[in-house]
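The values are calculated or read from the model by the stated rules, or taken from the named source; none is laboratory data. The structure displayed is predicted, hence computed values, not measured ones. So basically every Cβ, Gly included, is an ideal-geometry build from the backbone, and we count neighbours across all protein chains shown. When the accessible area is computed, the model is the full protein with side chains, heavy atoms only, and any ligands, DNA or RNA have been set aside. Shrake-Rupley method; radii C 1.70, N 1.55, O 1.52, S 1.80 Å.
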Amino acid sequence: MSFLSLIFLFSLLNLAQSQSQSPRGVFIDCGATVASLIDGRQWLPDATYVSSGTAKNLTDPNVAPILSTVRSFPLQGNTNKKFCYVVPVFRTGKYMVRTTYYYGGVNGRDSPPVFDQIVDGTLWGIVNTTDDYARGLVSYYEGVFVAAGKTMSLCIAANTNTDSDPFISALEFVLLGDSLYNSTDFGQYGLSLVARHSFGHNGSIIRYPDDQFDRYWEPFVLSNPTLASFRNVPVSDFWNLPPVKVFETELTSSGMEPIEFQWPPASLPNSTYYIALYFADGRNSSSRVFNISINGITYYHNLSVTSDGVAVFATQWLLGGLTNIILTPAAGSDIGPLINAGEVFNLLRLGGRTLTRDVIALESVKKSLENPPHDWNGDPCFPSQYSWTGVTCSEGPRIRVVSLNLSNMGLSGSLSPSVANLTALTNIWLGNNSLSGSIPDLSSLKRLEILHLEDNQFIGEIPSSLGNIDSLQELFLQNNNLTGQVPNSLTGKPGLNLKIFPGNNFSSSPPSGA
């Protein structure tokens, strides 16, 4: 997590935008009811992307425009339930996802809540803005993920430590260039930003229009290094395309002294990290060669830095606690080391993904319901502690939906025929609702053992194909408006617990025990 001051963010949102093309993506002003043009980008109201929560206005008149509203999600009865924004994206596109939070006392409590945020089926991390808010600061979280489908979801979820309604101020999906961070296996991992700094820079955060993707490069200075100015670095072919502006300043030393500093500034949890460091030297007549070590381990040996610049990265580097970096002049170098910028990301292993066919089928079931559960967005099965209400999933490498239990949920609408595409289902429990229409053909559900549709408003005949499901052991259809003949394939099926009376209007007498 990082932070911005309110005053600084307000000034950033009013920059002149003549220097470069605006970042491409989707920019959502959470809780807003109308679109607004800010920093050359169209910020959209969020109702199109989210189906739950309440839009609220902050009472602070001094906040930036996109912070003046939030969307708040009810805590009561919703622990371990997720509320999702679903955003259209380009399949296989690489996106910087940024969430912004400013509490503003919207819940009527002094401190903001702590809660989880989720990307697709991956638990991104905990949102804790308490310290930032106490200092009057805005919090933001940033990650890099590749879209596996035509939509991506960003979900807010209350955990067991959440003490008031979770909220969000703004959400951005920025399309990145294919070359950025491309040493990462995005089929297995996402990147969660820990720190991104412009070394030697002591001014405002560097972002768009200097950074074409609107990444935030925060200032970082030390008490005693020499700060030199350097421009005209050719960055078009530079790894990860850092902005030219980060090469205007540097951390360097007097003479041939090494540079030692702690970065990132905060202590880190034990994990695996992606580290990228950026260097450029405008002194063509000098030989600047040095060694880099991180926590006493050689990161790069005999790095030669020229005016063309160089990026050095590690895709999987173990860190934990405070991080100490030392740049030491190498033998034969006639000038001390320098560093211009750096990025650190936590390597975030992606969560599972529900089989696409099952996701499509559940989406069709959702559309056929007039009042589906409010957490039926995002991935149905993941994260496992935030699976959809009533949905039970299999384990193993191929994740399927194996049970659907929405009994006593007050549901209305119809049962989509697409439920028959959930071919791993063993149980369907939909009793005591207000579902209407006909019962679809479920003969493709070869593993189905239990089907409860009692106490609804289904009409028409019982599909005879239900009798062809060899595994079916229990079928409850009582208290509906079904008509016609009860299929012989059911009345004569050995071992089937069949209940069809009272409450239907069949043209024949009920079989014994039904």
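Between amide H atoms placed 1.01 Å from N, distances below 5 Å from residue 125 occur with 117, all of them 5 or more places distant or on a separate chain. For residue 407, nonlocal amide neighbours, meaning residues 5 or more places apart or on other chains whose placed amide H falls under 5 Å from its own, are 431.
Couplings 3J(HN,Hα) for the stretch 200-215, derived from phi with the Karplus relation 6.51 cos²θ - 1.76 cosθ + 1.60 (θ = phi - 60°), are x, 8, 10, x, 6, 4, 8, 8, 4, x, 5, 9, 5, 9, 6, 6 Hz, where x marks Gly and Pro.
Compared with the alpha-carbon gap, the fully stretched path from residue 367 to residue 446 is longer by 26.0 nm at 0.36 nm per residue. Sparsely packed loop sites in the stretch 356-438 (the GluC sites (Glu not before Pro) outside DSSP H, G, I, E and B with at most 13 other Cβ atoms within 10 Å) comprise 370, 395.
Protein heavy-atom surface of the chain, 1.4 angstrom probe: 48% of the accessible area is carbon and sulfur, with nucleic acids and ligands not counted.
The alpha-carbon positions of the stretch 402-514 define a convex hull whose volume is 81 Å³ per residue. Roughly what angle does helix 356-368 make with the longest principal axis of the chain, taking Cα atoms, 0 to 90 degrees, to the nearest 10? The angle comes out near 60 degrees. Over the chain, dividing the summed -39,500 (n - 2.57) contributions of all DSSP H runs of at least 4 residues by the number of residues returns a 222 nm mean residue ellipticity of -1500 deg cm²/dmol. Rg of the Cα atoms in the stretch 102-182, relative to 2.2 N^0.38 Å, amounts to 1.24.
Here the chain has an Rg and Dmax of 28.7, 102 Å, counting Cα atoms alone. Sites listed here are trypsin sites (Lys or Arg not before Pro) in the stretch 88-133 whose DSSP assignment is loop and whose Cβ has at most 11 other Cβ atoms within 10 Å: 91.
What the chain shows is 41 Å² of accessible area per residue, with the surface traced by a 1.4 Å probe over protein heavy atoms.
Quick one: net charge around residue 464, please, counting Lys, Arg +1 and Asp, Glu -1 for every other residue with C-beta under 12 Å from its C-beta. Net charge around residue 464: -1. With θ taken as phi - 60° and the Karplus curve 6.51 cos²θ - 1.76 cosθ + 1.60 applied, the whole-hertz 3J(HN,Hα) list for the stretch 96-113 is 8, 9, 10, 10, 10, 9, 9, 5, x, x, 5, 8, x, 10, 5, 10, x, x Hz, x standing for glycine and proline. By the Cβ rule of 4.7 Å, the chain holds the following cysteines without a possible disulfide partner: 30. Under 5 Å from the amide H of residue 214 lie the amide H atoms of 208, each residue being 5 or more positions distant or on a separate chain, with H modelled from the backbone and absent for Pro and chain starts. Contact order for the chain, expressed relative to its length and based on alpha carbon pairs under 8 Å spaced 6+ residues apart, stands at 11 percent. Note on residue 131: accessible area approximately 110 square angstrom, rounded to 10, probe 1.4 Å, nucleic acids and ligands left out.
Of the whole protein surface, residue 446 contributes about 130 Å² of accessible area at a 1.4 Å probe radius.
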